[in-house]
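For reference, the structure is listed below as C-alpha cells.
The values are calculated or read from the model by the stated rules, or taken from the named source; none is laboratory data. These numbers come from a predicted model, not from an experiment. All Cβ positions, glycine included, derive from the backbone under ideal geometry; neighbour counts span all protein chains shown. Accessible surface areas use protein heavy atoms only, side chains included; no ligands, DNA or RNA. Shrake-Rupley method; radii C 1.70, N 1.55, O 1.52, S 1.80 Å.
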Amino acid sequence: MNRASLIFAALLAVLVPFSLLAGRVWVLPLADGPPNYALILAELRAPRAVLAIVIGAGLGAAGAAMQGYLRNPLADPGLFGIAPMAALGAVASFWLGALVPPALAAWSLPLLALTGAGLGMAALALIAGRTSSDAAGGAGGGIALFTLAGLMLASLAGALTALAITLAPNPFALSEIVMWLNGALTDRSWREVALAAPLTLAGIGVLALAARSLDALTLGEEAARSLGVEPRRLLVMLVAGVGLTVGAGVAVAGIIGFVGLVVPHLVRPLTDRLPSSLILPSALAGACLVLAADSIVRILPLVTELRLGIALSLIGAPFFGWLLLRMRKGAL
Amino acid sequence: MNLVADHLTLHRGGRPVVAGISAAFEPGRITAIVGPNGAGKSSLLLGLAGLLEASDGAVTLGGESLARLHPRLRAQAIGYLPQSPDIAWDVAVEALVALGRLPWRDRGTTAIEAAVAVLDLEALRHRPVSQLSGGERARVLLARVLAGEPRWILADEPLAALDLAHQLALVSHLKACAAAGQGVVVVLHDLAIAMNNADHVLVLKDGRVAAAGAPREALTPQIIAHVWGVTAQWLGEPGRLGLVTGV
C-alpha cells in the first residue's frame, strides 16, 4: 500500500460516517434522532454509501487503467464504448420490460444493462482479434485503431439510445429514461449492492493483475512486448476489467461521468506516476469522490435532489478544461 | 549461445522489408547493422528480438526457435532498446530502470543497482525523466535494458540525437557489455563508429545482406560506393579511421 492509498483510505474513513449521517434528515449520534433512524441508516443510507464506494472505486480504477493503457492522461473508461452500451441495454429495458418473465421483472433493467455491457465487451474482443497482433509489429494497427473502434461503438450505442428516447411510447417513459441516464444513487438498496459489488471487485482485481503490463507500455508498444508483455492478453484483461467495473456501475446507477477521467489526475502527483501505482489509490479516491458528491447532492437545499451524474459532470467539465489548458503549457 | 537468422523474411504493412537474410551473431562482441534508409535494418533488429513474426525462415537462439519461446523467457534473454521512445509518464529515473526487471517478476535490486552504477546514474536516480538531457536519457534507457540482465542487447540507433561525446560514451558502455560476455547487436548510421568499434559488420541493402565480415572487409570504399552510391575513402590509423566523402 503506497502513500496515496493511505491518504485516500483515511479520507474515506472520514467520509463514510459523514455520508451516513448527512441527508434531508440528519441522523445525529448524540441528539434525539428521528424515531426511525435505525431503519434510515440500515436500509437507506448504508446501502447507498456502500454503492457509492463500489461504483466510485470501479470508475477510478478503470480510469487509471485506461489512461495507462492508452498512455494518455485524457483517456476515460467511456472511450471503449462499454458505458454507452450498458446504457443502451438499460434503455432497452424500458421497451422490453413486458417480455421479461415476472419473476425477473425487478431485475430487468440491471440485467439488460449488463447484457449491453457484455455485448460491448464481446464486440471489442472481436475487434481486438483483428486489430492487435502479438507479433505483427504494429501491422494490425494496435492501440490507436482499437480505440477508434471503441469510439465507433460508443457513438453507435449513443445514437441507438437517442433513437429509443425519441421513439418513447409516452412522456412518462421519456422522462423516466432521461432521468435514469443521468446517473443517481437515490433509493438504492442492498439488492443493487449485491449485484454490483462482486462484479466491480472482480473487475478491479483483473485490472490489478494487468497493472505491471501497463507499466511496461510506458516505453511504447514494442518495448513492452520486448519485456514479455503479450498485447492480446493485456487487451482482453483490460476489456474484461473495464467492462466489469463500468458495466456493473451503469447497471445499478446509470451513467456517472468524469470520475474515471478526473480521479487519476488527483492521484498521480502523489505516486511515482506508473500506472500500477495508480490503480488501488484511484479506486479509493474514486470511492471518496462519488461518496462525497452523493452526500452533497442529498443535503443541497433544492426542490428535487440534484442528479449525481449531473453534479459530477458539473465538477468534471471545468476540470477537464483546466487540464487541457495546463497541458498546453506543457506542465503535465 | 548464438542468435541466428536463418533465411529470415519479414513483412511490414504487407511489404517485404527483409528478404531471406541468413546471419549468425555471436555473444561477446558488437555486431553493427548498417545500410541506407529503408534497407531493413530496424526490421531485422525487431525480427532478431522476436518482435516481428517471420513470414519465412526463422530466428533461433541457441538452436531453439525464438517464435516458440515463451514471451517472458524470450524477454529474459533478449533486451531490446527501441530508437528514442516516447516515455509516456514522467516517472523517476529509478522507476524507469526498474521496468527492466518486468520479465523476471522480481525486485532485482542487485541488477538495478549494477545498471545504475555502470551508467553513472546515482546522482539522477530520483530525477523525473522530463528533466533529463538527451545524453542522460540515452543512459537511462540503456540502464533499463541492462537491469534485465539480458544475454543479448539489441539497440536500434542508440546514438541518434546524441552529441559526439555522448555517442562515444554510449559506445564504450556497449563495448563493456560485449566484454562482459553479452551479445550486442546495434543498428548504426555512422559508418566511422561502426568501423572503429564493431567486431562484425552486416551491411544491408534492399532487405538483403550486401556485405558481412570484419569492419575492414565489409566497409571498403567499393562496398560503400555500391550500397550508398557515395564515393568515400578511409583516412587515419586503424581504430581511429575517419570517412571522407566526396564526388
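Key figures for this structure:
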| item | result |
| --- | --- |
| Nearest-ten-degree value, helix A:190-209 long axis tilted from longest Cα axis of chain A | 20 |
| Check: segment B:3-245 dipole with +1 on Lys, Arg Cβ and -1 on Asp, Glu Cβ, in debye | 280 |
| Dipole of the protein assembly as shown, positive end: most advanced residue of B:194, A:284, A:300 [Cβ charges, Cα centre] | A:300 |
| 10 Å Cβ neighbours from other chains, averaged over peptide B:42-52 | 3 |
| Mean accessible surface per residue for chain A, computed with a 1.4 Å probe while every protein chain stays in place, in Å² | 42 |
| Nearest-0.05 FRET efficiency for residue B:127 and residue A:174, computed from C-beta distance (R0 60 Å) | 0.55 |
| Whole-number percent relative contact order across chain A, with pairs defined as alpha carbons under 8 Å at least 6 apart | 33 |
| Residue B:216 paired with residue A:296, simple spin-label distance in nm, labels 7 Å along Cα-to-beta-carbon | 7.7 |
| Carbon/sulfur fraction of accessible area - segment B:179-247, other protein chains in place, 1.4 Å, % | 51 |
| J(HN,Hα) series, segment A:71-87, from Karplus relation 6.51 cos²θ - 1.76 cosθ + 1.60, nearest Hz, glycine and proline x | 6, 9, x, 9, 6, 9, x, x, 4, 6, x, 6, 4, x, 5, 5, 5 |
| Estimated dipole of the protein assembly as shown in Debye, rounded to 20 [Cβ of Lys and Arg +1, of Asp and Glu -1, Cα centre] | 380 |
| At least 50 Å² accessible surface lost relative to isolated chain, residues of segment A:175-223 (1.4 Å probe) | A:212, A:218, A:219, A:222 |
| Label point distance in nm, residue B:106-residue A:162, each placed 7 Å from Cα along Cα→Cβ | 5.7 |
| Amide H contacts under 5 Å for residue B:33, placed H, 5+ residues apart | B:186, B:187, B:188, B:202 |
| Per residue solvent-accessible surface (Å²) - segment B:3-245, probe of 1.4 Å | 43 |
| J(HN,Hα) series, segment B:102-119, from Karplus relation 6.51 cos²θ - 1.76 cosθ + 1.60, nearest Hz, glycine and proline x | 3, x, 9, 6, 9, 7, x, 3, 4, 5, 5, 4, 5, 5, 4, 5, 4, 9 |
| Surface share of carbon and sulfur [accessible, 1.4 angstrom probe, percent] for chain A | 73 |
| Estimated FRET transfer efficiency when R0 is 41 angstrom, pair residue B:72-residue A:155 (beta carbons, to 0.05) | 0.60 |
| Size of charge dipole - segment A:3-328 - debye, nearest 20, with Cβ of Lys, Arg +1 and Asp, Glu -1, no other charges | 380 |
| Accessible area that becomes buried as B packs against A, both chains, 1.4 Å probe, Å², nearest 100 | 2300 |
| Mean Cβ count within 10 Å, highest first, over the residues of peptides A:256-267, B:175-186 | A:256-267, B:175-186 |
| Residues with amide H under 5 Å from that of residue B:11, placed H, sequence gap 5 or more | B:17, B:55 |
| Under the Karplus curve 6.51 cos²θ - 1.76 cosθ + 1.60, θ = phi - 60°, whole-Hz ³J(HN,Hα) for segment A:175-183, x wherever Gly or Pro sits | 5, 5, 5, 4, 4, 5, 4, 7, x |
| Inter-part distance where segment B:90-108 and segment B:36-64 are each reduced to a Cα centre, Å | 26 |
| Separation between Cα centres of segment B:180-225 and segment A:56-95, rounded to whole Å | 50 |
| Among A:271, A:59, A:231 the positive-end extreme of the charge dipole of segment A:3-328 (Cβ point charges) | A:271 |
| Exercise: per-residue mean of other protein chain Cβ atoms within 10 Å, A:62-75 | 1 |
